Amino acid sequence: MEAEQIEIATFLAQYAPFDAMPEEVVAEVATSIEISYYRAGTDIFAYGDEIHDLAILRSGAVELFRRNGTLYNRISEGDIFGQMGLLMNNRVRMPAKAIEDTLIYFIPEAMFNRLFDDFEHFADFVEVEDRTRLRQAVSSHNEANDLTTSKVKKLIIRDPVMISSTDSVQHAAQVMSQETVSSILVMGDEPDPDTGFKPVLGIITDRDLRNRVLAEGLPYETPVQEIMSPQLITLDHNAYIFEAMLTILRSNLHHVPVLQHGKPIGVVALSDIARYESQNSLFLVASIFRQQSVDDLVILSQQVKDCFVRMVNEDANSHMIGSALSVIGRSFKQRLLELAEEELGEPPVPYCFLAMGSMARDEQLIVTDQDNAIILDDSYEHSEHNAYFEALSKRVSDGLNACGYTYCTGNIMATNPEWRKTLKEWEQCFADWIDNPSPRSLLDSNIFFDLDGVHGRTNWAEQLKAFIGRRARRNNRFLAAMARNALNRTPPLGFFKDFVMEQDGRHNNSINLKRRGTAPLADLIRVHSLAIDSRSQNSFERLDDIIESGILPKGRGPDLRDAMEFISMVRIRHQALDIEAGREPDNNIEPENLSDFERRNLKDAFQILSNAQKFLKFRYQPNRS
């Protein structure tokens, strides 16, 4: 092989799909290549022309256009084009123009067809476009995870055992003993007019019989409806096991009935999930609530990183990992509050402790700080009650910091008296932010639009979210201000779709995947969700609501979901690798350490984010009706 062909082969071997081919095949491809030079402004392909070569950009810059003349893409060194024309009647589908002096390698059609026939990965690569490729990358990961795709009905091993609400507790105990079950459903006598089935009124468990009957000395003839747990939390039969796990953890339940069209088809117990799945997040959460001191919690918190790595290695997706880590963080917070109340005594007035930001969105990862606040009862008197809540906040904040949830650098913590307000004061605060928005005030308060109640009167958090939703929806000036802030952080893509690196010294030549990827995605999704008054908190769930509302152009919602999932997983895997290597995990990745597959799909994901930001800017304008 001549020196020029060796140089071509070396170049090809750096880029997909040639980087996965045998060396001798790449060398053979190199010998078949013809080279052409185009001056800036020259057309390379015109729409509808015959095409018999695959083009590879060796140097320079090329723009691809749709048939209506709008720009489709700017491609960079190593990218291919013209493949769709070769696959579809040898006609150019996307015109191409050199926008700089450009050198192109052309692979003849015969060699293209041979590679297409002989190498599946080559065929896969040239057959799909960018967004489809990203979709495939995300789907293949999700399909590898059984927890993501398995429905809760898979855990049901028998029909539910049921009794009438007029039966006695002794009869309930006899039936449970005969059927060897630890719970029994209490049914109404009259069918529900909507479903045609008798409604589930409540549930009785072994523990209820012990605590509510024997310990209280009630007669065996006591009707079951007097000791049952009413107002049941149930699961639909189409819920995923993952959702069942979170429902049980969130609500501190041991048994959850599963309904199909309103009819009970079984009961899932905590032990069923524990047997089924091996993620230790479940056991870690249970352990948190058994700890009796802050020191015990600090020791236990050392297991959080191991739990995170285990979930990554078992192919959990970003939604699962974010939700599990959020439940763990929320549990630390709840137990610290319980311990603080034991030490300080009963709170003088009711309150609701809030989680903000990623924990509230169920998107917490291993590198995180604490963001929290308190809603106080409207009867709160500063002179009488402030000392208690000041002490309570400090104990929780110090405890979280000791457990690895570092202090918030922006001082968004309940220890800051500014973020301890009554419900009325919080409503006034949000009303000011929404009715009189300024980029500065919203930049500081952005995190408060993701909030969740974790302890105390948690329904106040729901009331506050409802107030925000009513106030924010249709307020174009507010939405425009939020949109402007959401555009402050742009994806790290240059003009030619090359990566733009950080140049801040410590992380020089790296990309911060949170600051330049997941955070701006969460920001723009939040704006859309506020516009439609979505009450969902998680970005993926908000996206479902946004897609259903129809405010996005067709196909953009699923694209955003894929982009969020792919960037999140690259970030998550990077952190897991850091932990396994004994390094302190962070959000900065060096593209040179990524595979070509990851680099290519990251560029696709960032391009989707860039396009979504352009749409956001267009849609939310202060004077738009």
Original post:
Which of the residues spanning the stretch 540-581 are at pLDDT 90 or above and on the phi > 0 side of the Ramachandran plot?
Top reply: G550
Original post:
What single numbered condition from (1) open to solvent by 10 Å² or more (accessible area, probe 1.4 Å); (2) hydrophobic (A, V, I, L, M, F, W, C); (3) not in a loop (DSSP other than H, G, I, E, B) fails to hold for F353?
Top reply: (1)
**OP:** Residues being closer than 26 Å to E28 by Cβ, out of contact with any Asp or Glu (no Cβ under 7 Å at 6 or more places or on another chain) and surrounded by 18 or more Cβ atoms within 10 Å (Cβ to Cβ): count how many of those fall in the stretch 97-110.
**Re:** 3
Original post:
Quick one: would you say K614 is surrounded by fewer than 15 Cβ atoms within 10 Å (Cβ to Cβ) and assigned to a helix (DSSP H, G or I)?
Top reply: yes
Original post:
If a residue has to be of a type in the set (F, W, Y) and over 22 Å from Q303 (Cα atoms) to count, how many in the stretch 395-440 make the cut?
Top reply: 4
Original post:
Which of the following residues is over 21 Å from R420 (Cα atoms), at pLDDT 90 or above and touching a helix residue (DSSP H, G or I) at 6+ places or on another chain (Cβ under 8 Å): D450, D435?
Top reply: D435
Subject >> Residue satisfying all of: in the stretch 306-334; assigned to a helix (DSSP H, G or I), charged (D, E, K, R) and at pLDDT below 90; farthest from L284 (Cα to Cα) among these >> reply: R310
**OP:** Hey, could you check the stretch 73-120 for residues that are within 19 Å of G494 (Cα to Cα) and among the aliphatic types (A, V, I, L, M) and say which is modelled with the lowest pLDDT?
**Re:** I75
**OP:** Select from the stretch 292-320 the residues that are of a type in the set (G, A, S) and farther than 16 Å from R330 by Cα and write down the one among them that is most open to solvent (accessible area, probe 1.4 Å).
**Re:** S293
**OP:** Please list, ordered by first then second residue, the pairs with beta carbon atoms under 7 Å, 6 or more apart or interchain, first in the stretch 400-416 and closer than 19 Å to E338 by Cβ and among the β-branched types (V, I, T), second at pLDDT 95 or above and open to solvent by less than 30 Å² (accessible area, probe 1.4 Å).
**Re:** T415/S393; T415/S397
**OP:** State yes or no: is D362 more than 27 Å from I525 (Cα to Cα) and charged (D, E, K, R)?
**Re:** no
Original post:
Got a number for residues in the stretch 47-76 being closer than 20 Å to Q14 by Cα and in contact (Cβ under 8 Å) with a residue 60 or more places away in the chain?
Top reply: 5
Original post:
Has the stretch 217-234 got any residue that is open to solvent by 30 Å² or more (accessible area, probe 1.4 Å), in a strand (DSSP E or B), over 14 Å from L253 (Cβ atoms) and modelled with pLDDT of 90 or more?
Top reply: yes
Original post:
What is the residue count in the stretch 585-596 for residues that are surrounded by fewer than 17 Cβ atoms within 10 Å (Cβ to Cβ) and touching a helix residue (DSSP H, G or I) at 6+ places or on another chain (Cβ under 7 Å)?
Top reply: 2
Original post:
In the stretch 199-216, which residue that is free of Cβ contacts under 8 Å to residues at least 12 places away in the same chain and assigned to a loop (DSSP other than H, G, I, E, B) is least open to solvent (accessible area, probe 1.4 Å)?
Top reply: A215
Original post:
Restricting attention to the stretch 134-144, does a residue exist that is modelled with pLDDT under 75, part of a loop (DSSP other than H, G, I, E, B), out of contact with any helix residue (DSSP H, G or I) (no Cβ under 8 Å at 6 or more places or on another chain) and open to solvent by less than 80 Å² (accessible area, probe 1.4 Å)?
Top reply: yes
**OP:** Would you be able to tell me the number of residues in the stretch 263-283 that are more than 17 Å from I157 (Cβ to Cβ) and at pLDDT below 80?
**Re:** 6
**OP:** List every residue pair whose Cβ atoms lie under 6 Å apart, where the two residues are 6 or more positions apart in sequence or sit on different chains, the first residue falls within the stretch 530-541 and is among the acidic types (D, E), and the second residue, located anywhere, is in a loop (DSSP other than H, G, I, E, B).
**Re:** D533/R473
Original post:
Is it the case that some residue within the stretch 391-402 is under 22 Å from W460 (Cβ atoms), modelled with pLDDT under 95, open to solvent by less than 20 Å² (accessible area, probe 1.4 Å) and not charged (D, E, K, R)?
Top reply: no
**OP:** May I ask you to list the residues in the stretch 470-495 that are touching a residue at least 60 places away in the same chain (Cβ under 8 Å), within 30 Å of I75 (Cβ to Cβ) and not hydrophobic (A, V, I, L, M, F, W, C)?
**Re:** T490, P491, P492
Original post:
Going through the stretch 430-455 one residue at a time, which ones are part of a helix (DSSP H, G or I), surrounded by fewer than 16 Cβ atoms within 10 Å (Cβ to Cβ) and without any contact (Cβ under 8 Å) to a residue 40 or more places away in the chain?
Top reply: D432, R440, S441, D444
**OP:** Go through (1) in contact (Cβ under 8 Å) with a residue 24 or more places away in the chain; (2) open to solvent by 10 Å² or more (accessible area, probe 1.4 Å); (3) assigned to a helix (DSSP H, G or I); (4) under 17 Å from K394 (Cα atoms) and name the single condition L337 misses.
**Re:** (2)
Original post:
So which of T409, T415 is part of a loop (DSSP other than H, G, I, E, B), at pLDDT 95 or above and of a type outside the set (G, A, S)?
Top reply: T415
Original post:
Tell me, which helices (runs of 4 or more DSSP H) lie completely within the stretch 459-560 with 3 or more residues that are open to solvent by 60 Å² or more (accessible area, probe 1.4 Å)?
Top reply: 459-472, 539-549
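The values are calculated or read from the model by the stated rules, or taken from the named source; none is laboratory data. Keep in mind that this is a model prediction, so the values were computed, not measured. Ideal geometry is used to build each Cβ from the backbone, glycine not excepted, and the neighbour counts take in all protein chains shown. Ligands, DNA and RNA are stripped out before the accessible areas are found, and what is left, the full protein with its side chains, is counted by its heavy atoms. Shrake-Rupley method; radii C 1.70, N 1.55, O 1.52, S 1.80 Å.
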